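Colleague: I have a structure here, written as structure tokens, and I will follow up with some questions on it.
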Amino acid sequence: MTIDVPSSAKLPTKFGLFDIHVHHEEKTGLDHVALMMGSMGGPDPVLLRVHSECLTGDAFTSLRCDCGPQLDAALSAIATNGYGCLLYLRQEGRGIGLHAKIQAYHLQDRGADTLDANLMLGHPADGRDYGIAAIMLSDLGIDSVALLTNNPDKVKQLEKHGIEVAKKVPLIAGVGEENLDYLQTKIRRMGHTINSSDLE
């Protein structure tokens, strides 16, 4: 006999107490996560971070990227704000998967930048689709957000899918010698809004 149990629970963290909700995406078979603190009813737009999975940065504290520090900074910002939401999307390696991402690292070790490495492997520079984020937000009753991001494509995609980005909040964290080229490529070739002074 099976019982119908909601895929949600309380999740105490070092940043405070969150509610965790799991959203299963039928198309890909992947489970995505929403972490929520406080009420999503406003009156201000919900402070939101849409974070793509990065095993190397989030779990193994890799210095090649800024993902792990951005994850911590976003959860800290939500806790300081008193309410907000973090979506953790299973879109490793900008959507190309872990195996291809490590292959891209290999090419980067030989001089390719983060964008060209993906292209050399036959993948898009950024293959992420934020439609699933919009579906999750709709299910959670969130339609207006203050988005923690430096990525203009994330804003564009969410708005295309009916989510109002009332405010864009920069998220600069984890800048260091090991990821300077990576961050400069995101500014120069992917349009990320990071001030050069933040990389000094």
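The values are calculated or read from the model by the stated rules, or taken from the named source; none is laboratory data. A quick note: this is a predicted structure, and the numbers were derived from the prediction, not measured. All Cβ positions, glycine included, derive from the backbone under ideal geometry; neighbour counts span all protein chains shown.
Colleague: Looking for whichever is farther than 30 Å from ASP143 by Cα and free of Cβ contacts under 8 Å to residues at least 60 places away in the same chain here; the options are ALA100, ALA9. Which one fits?
Modeller: So the residue among ALA100, ALA9 that is farther than 30 Å from ASP143 by Cα and free of Cβ contacts under 8 Å to residues at least 60 places away in the same chain is ALA100.
Colleague: Would you confirm whether or not the stretch 85-95 contains a residue that is buried (at least 19 other Cβ atoms within 10 Å of the Cβ), assigned to a loop (DSSP other than H, G, I, E, B), touching a helix residue (DSSP H, G or I) at 6+ places or on another chain (Cβ under 6 Å) and in contact (Cβ under 8 Å) with a residue 40 or more places away in the chain?
Modeller: No: zero hits.
Colleague: Take the residues in the stretch 144-156 that are at pLDDT below 90 and touching a Gly at 6+ places or on another chain (Cβ under 9 Å); name whichever of them is surrounded by the most Cβ atoms within 10 Å (Cβ to Cβ).
Modeller: ASN151
Colleague: Could you please let me know if ASP44 is assigned to a strand (DSSP E or B), in contact with a strand residue (DSSP E or B) (Cβ under 8 Å, 6 or more places away or on another chain) and surrounded by fewer than 19 Cβ atoms within 10 Å (Cβ to Cβ)?
Modeller: When the stated conditions are applied, ASP44 does not pass them.
Colleague: Could you pull out the residue among LEU35, LEU17 that is farther than 12 Å from ILE132 by Cα, surrounded by fewer than 13 Cβ atoms within 10 Å (Cβ to Cβ) and in contact with a strand residue (DSSP E or B) (Cβ under 8 Å, 6 or more places away or on another chain)?
Modeller: LEU17
Results for (1) in a helix (DSSP H, G or I); (2) hydroxyl-bearing (Ser, Thr, Tyr); (3) on the phi > 0 side of the Ramachandran plot, shown as yes or no for each residue.
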| site | (1), (2), (3) |
| --- | --- |
| ALA112 | no, no, no |
| ALA117 | yes, no, no |
| ARG128 | no, no, no |
| ILE135 | yes, no, no |
| ALA146 | no, no, no |
| LYS156 | yes, no, no |
| GLU159 | yes, no, no |
| GLY162 | no, no, yes |
